[in-house]
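The values are calculated or read from the model by the stated rules, or taken from the named source; none is laboratory data. Computed from a predicted model, the values in this text were never measured in an experiment. Reconstructed Cβ throughout: ideal geometry from the backbone, glycine too, with neighbour counts over all protein chains shown. Quick note on the areas: whole protein, heavy atoms, side chains included, nothing else; ligands and nucleic acids left out. Shrake-Rupley method; radii C 1.70, N 1.55, O 1.52, S 1.80 Å.
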Amino acid sequence: MTENTSKQIISNNRKASFQYFLIEKFESGIQLYGSEVKSIRESKVNIKEAYVKFKKNELYLTGMHIGEYSHSGYSTHEPVRDRKLLLHKIEINKIIKNVSIKGTTVIPISLYFKNGLVKVEIAIA
């Protein structure tokens, strides 16, 4: 059986593989507002300065900039805010265990659409 998954890359963090030794990669969903998804579709996103941090056994993507949506009304989203990453508990525990080792961190590698959903590829580095 073959999977019909289309993967449309939106933003890459090319410097990550040069600056860090990537140990293990994970695919994660991300909690976004509607205007943020529309801005991402317009390619108004940058993950170069982003990193992953922990809050109460949950992972958050910090420092990712999503520009304003071109057709937004009076209310819009905050361009730089903490966005929750959606992972299974087993994956979160595995990441927490690996990051507890001195000198390791979690960074975003790429942002892409997969079957219409925004996904983030993160790596332990």
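I want to confirm something. Restricting to the stretch 76-125 and keeping residues that are outside any strand (DSSP E or B) and among the small types (Gly, Ala, Ser), which single residue is least open to solvent (accessible area, probe 1.4 Å)? Walk me through it before giving the result.
Going residue by residue through the stretch 76-125, those that are outside any strand (DSSP E or B) are 76-79, 81-82, 87-105, 115-116, 125.
Imposing the further condition that a residue be among the small types (Gly, Ala, Ser) reduces the set to 100, 103, 116, 125.
Working: 100: 93, 103: 75, 116: 49, 125: 11 Å².
Top of the filtered list is 125.
Every test in (1) surrounded by fewer than 17 Cβ atoms within 10 Å (Cβ to Cβ); (2) modelled with pLDDT of 75 or more; (3) closer than 18 Å to residue 113 by Cα is passed by residue 20 save one, and that test is (3). Within the stretch 33-59, residues that are on the phi < 0 side of the Ramachandran plot and surrounded by 13 or more Cβ atoms within 10 Å (Cβ to Cβ) have Cβ atoms under 6 Å from residues that are of a type in the set (S, T, N, Q) and in a loop (DSSP other than H, G, I, E, B) in these pairs: 35/72; 35/76; 47/13; 48/13, counting only partners at least 6 apart in sequence or on another chain.
Looking at the stretch 59-93 only, could you name the residues that are among the acidic types (Asp, Glu) and modelled with pLDDT of 90 or more?
Our first condition is that a residue be among the acidic types (Asp, Glu); within the stretch 59-93, this holds for 68, 78, 82, 91.
Passing the criteria: only 91.
So for the stretch 24-33 (the condition being part of a loop (DSSP other than H, G, I, E, B), of a type outside the set (Phe, Trp, Tyr), more than 13 Å from the chain's Cα centre (by Cα) and farther than 23 Å from residue 116 by Cβ), does at least one residue qualify? Looking for residues that are part of a loop (DSSP other than H, G, I, E, B), of a type outside the set (Phe, Trp, Tyr), more than 13 Å from the chain's Cα centre (by Cα) and farther than 23 Å from residue 116 by Cβ, one finds none in the stretch 24-33, hence no. Considering every residue within the stretch 37-46, establish whether at least one is assigned to a helix (DSSP H, G or I), within 17 Å of residue 80 (Cα to Cα) and touching a Gly at 6+ places or on another chain (Cβ under 8 Å). Looking through the stretch 37-46, at least one residue is assigned to a helix (DSSP H, G or I), within 17 Å of residue 80 (Cα to Cα) and touching a Gly at 6+ places or on another chain (Cβ under 8 Å).
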